[in-house]
1. Gain in length, residue 147 to residue 176, computed as 0.36 nm per residue apart minus the alpha-carbon separation, to one decimal in nm?
2. Using a Förster distance of 41 Å, how high is the FRET efficiency between residue 71 and residue 163, based on the Cβ-Cβ distance and rounded to 0.05?
3. Quote the FRET efficiency, to the nearest 0.05, computed for residue 81 versus residue 59 with a Förster distance R0 of 22 Å and r equal to the Cβ-Cβ distance.
4. If amide hydrogens are placed 1.01 Å from N in the peptide plane, which non-local residues have theirs closer than 5 Å to the one on residue 118?
5. Could you pull out every residue, at least 5 positions away or on a different chain, whose amide H is within less than 5 Å of the one on residue 53? Hs are placed 1.01 Å off N in the peptide plane, and Pro or chain starts have none.
Amino acid sequence: MKKFLVTLTLVFSPLLYAQTPAQTQTGEAASLQPPANTPGSDSVTLLDKKTKYNNNDPLFRDIAKEFRCPTCTGLSVLESDAGFSVQIKEQVQEQLNLGKNHDQIIEYFTERYGAWILREPPAKGVNVLAWAIPITLLCAGPILIWLLVWKRHVKSDTHGVRSAAVIVLEMQDSLKRLKEREIG
């Protein structure tokens with residue numbers, strides 16, 4: 001139920017906070033841009049007027065890469081332009097603006113959305129299987145295949161071929177039967 005409410009909030013929040021172009025120029029996005037006459041302003045990355053996040057900040061990029069886009073298969077939030085991903089990116093930027101570090105932001109999103117938001121599951125609890133099974137298959141798979149091929153190869157080589165000990169036993173049995181016939 002909690003995930004459903006969070007999803008509804010994320011879906012409808014753009015409608016609640018939608019701004020007209022005039023509001024955008026005078027609103028929050030304009031206040032996030034540094035003044036043009038500050039020293040070194042040409043080296044400062046400006047925030048996009050349409051978005052509320054800095055896509056060129058290395059810390060922002062590192063964090064956004066770790067989250068999965070629920071609408072785009074196999075893409076991170078950083079790579080996706082879907083509505084949900086844009087909202088996640090804006091939330092990441094808000095957390096960075098509040099002074100939170102990488103681990104605190106990851107923990108915030110994991111508590112809010114669950115472990116499914118992470119592209120790589122944490123190696124704890126049931127998620128250990130998600131890490132252990134592929135590694136086990138990579139290590140044990142070739143050994144298992146080699147054993148199966150070797151077993152088949154051994155069977156095909158010895159099929160119809162008797163060892164010397166078996167031949168000697170069969171000859172001794174035949175001699176006993178012949179002696180019993182001669183005596184009997």
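Where a number appears in this text, it was derived from the coordinates with a stated rule and is not lab data. Since we're looking at a predicted model, the values are computed, not measured. Note that each Cβ is placed from the backbone with ideal geometry, even for glycine, and that neighbours are counted across all protein chains shown.
1. Taking residue 147 through residue 176 to full extension adds about 6.3 nm, to one decimal.
2. Plugging the Cβ-Cβ distance into 1/(1 + (r/R0)^6) gives 0.05.
3. Calculated transfer efficiency: 0.60.
4. Result for residue 118 returns 68.
5. Counting only residues 5 or more places away or on other chains, the set is 48.
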